[in-house]
Each structure stands twice: as C-alpha cells, then as structure tokens.
Amino acid sequence: MALIQNYDVTLFEPPCLLGSPRWSSIVKIDADLTDLLPYLNGYLKKRFYDPNTHAIVFKMNGHSVAVRPREIRIGGLADKDEGEKVAKEVINFINDIHEKRDTITPDTTRKEPPKAIEIFKLLPKTNCKKCGQLTCMAFASALAKGDADIEDCPELHGETYRENREKLEALFMG
Ligand code: SF4
C-alpha cells in the first residue's frame, strides 16, 4: 500500500501586481514522513537536509521541493496545471522511495543549505518585489529555507546578472 494515499494541493498564484512569473504550492499529505526523510537523504545526490527540523530540500525536474513530515512545498511552477502535475510526480516519487526503502541506506547526516546572507550577496539588491517578497533579503531567507526558487527572481534571468545567477546555482548544487 502506498505511504501517501491522499493529498491536498493548495496553489499560490504569482502576485501579478508584483510581477512574479512563478506559481508555488503547498501539498498537505495524509502520512507522516519523519521516518522516511533519512531514506530520501540517502537516496538523493543533491539535496539539503536538516535532521533536527525534519526537512529536506531538493530539485525535481527544475522545481524546488521542500519536504517536511506533513507537507511538501513546491516552487518554480508555470501555472495551475503544472502545479497539479508536479504535485502528483512528487507524491509518486516519495511513495516509490518508501516502496524501495529496504534497498536504500538511510543517512541522518545534516547537509546545510547556503546561508541567507551568502545568497543575498549575489542578488540584485533592488528590492523590486517581482519575486513576491518585500525585499531581496526576504527572498534570500526564503531560498535558504527551500520556500522559494532562484527562478522566482526575474531580475536574475537577464544578462546583467548572469554571473550572479551561475554562482547562486553553484551554491545550490552543493
Ligand atoms: S530577489 Fe530582489 S531583485 Fe530579485 S525579484 Fe526579489 S526583490 Fe527583485
């Protein structure tokens, strides 16, 4: 039987007044993933994991995914339809890890994400709010917690900040 049987997706529309192009979602699930998180940490090559707060953050098909015991946050979504589709893919992935957990060595080692201040140094620092956050520092904090995606800052897409974007991506590659 699948670990997650039922889930409920809440999608967050980009704040159009602020110009953010990406949707995000929170997926509430009917299972407790606490015991599965070390298996996800053991399986995934690129991820950030905190065994104290029971949180793991990773990328899946270009989307940021933050998994906590009772909920999953997904960022970098193009629209509502993609939100529903990616939520299903993430649930299937987690159920698959649960199915094959006997073949995975669990890992409880902490793997830290970059600090918000390190991220902030590479942001445009214009506080333009296009990412949906009030300031670049707030965006840096959201990125560090896995609650935002580099893609959410449209200013980083242009040539002006190409080098900064590459450095940010390298930070998140671990
Ligand atoms: S991170 Fe800063 S520059 Fe980028 S969209 Fe947000 S407020 Fe604007």
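The values are calculated or read from the model by the stated rules, or taken from the named source; none is laboratory data. Bear in mind the structure is a predicted one, so any value in this text is a computation, not a measurement. In this analysis, Cβ positions are derived from the backbone assuming ideal geometry, glycine residues included, and neighbour counts consider all displayed protein chains.
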Tell me, yes or no, whether the stretch 117-124 has at least one residue that is within 16 Å of the ligand (Cβ to nearest atom) and in contact with a Lys or Arg (Cβ under 6 Å, 6 or more places away or on another chain). yes
Out of (1) under 20 Å from Ile56 (Cα atoms); (2) within 14 Å of the ligand (Cβ to nearest atom); (3) among the aliphatic types (A, V, I, L, M); (4) touching a Lys or Arg at 6+ places or on another chain (Cβ under 7 Å), the one Met173 does not meet is (2)
Do we have Gly158 as more than 8 Å from the ligand (Cβ to nearest atom) and either at pLDDT below 90 or over 21 Å from Lys46 (Cα atoms) (or both) here? yes
Counting just the residues of the stretch 125-155 that are of a type in the set (A, V, I, L, M) and under 18 Å from the mean Cα position of the chain (by Cα), which one comes out farthest from the ligand (Cβ to nearest atom)? Ala144
State yes or no: is Arg70 within 25 Å of Glu169 (Cβ to Cβ) and surrounded by fewer than 18 Cβ atoms within 10 Å (Cβ to Cβ)? no
Of all residues in the stretch 16-42 being within 16 Å of the ligand (Cβ to nearest atom) and under 18 Å from Ser64 (Cβ atoms), which is modelled with the lowest pLDDT? Ser20
Against the definition (surrounded by 15 or more Cβ atoms within 10 Å (Cβ to Cβ), at positive phi and either in the same structural domain as Arg22 (by TED's automatic domain parsing) or touching a Lys or Arg at 6+ places or on another chain (Cβ under 6 Å) (or both)), how does His63 come out, yes or no? no
Counting residues that are closer than 22 Å to Gln133 by Cβ and in contact with a Ser or Thr (Cβ under 8 Å, 6 or more places away or on another chain), which strands (runs of 3 or more DSSP E) fully inside the stretch 1-113 reach at least 1? 7-12, 23-29, 55-60, 71-77
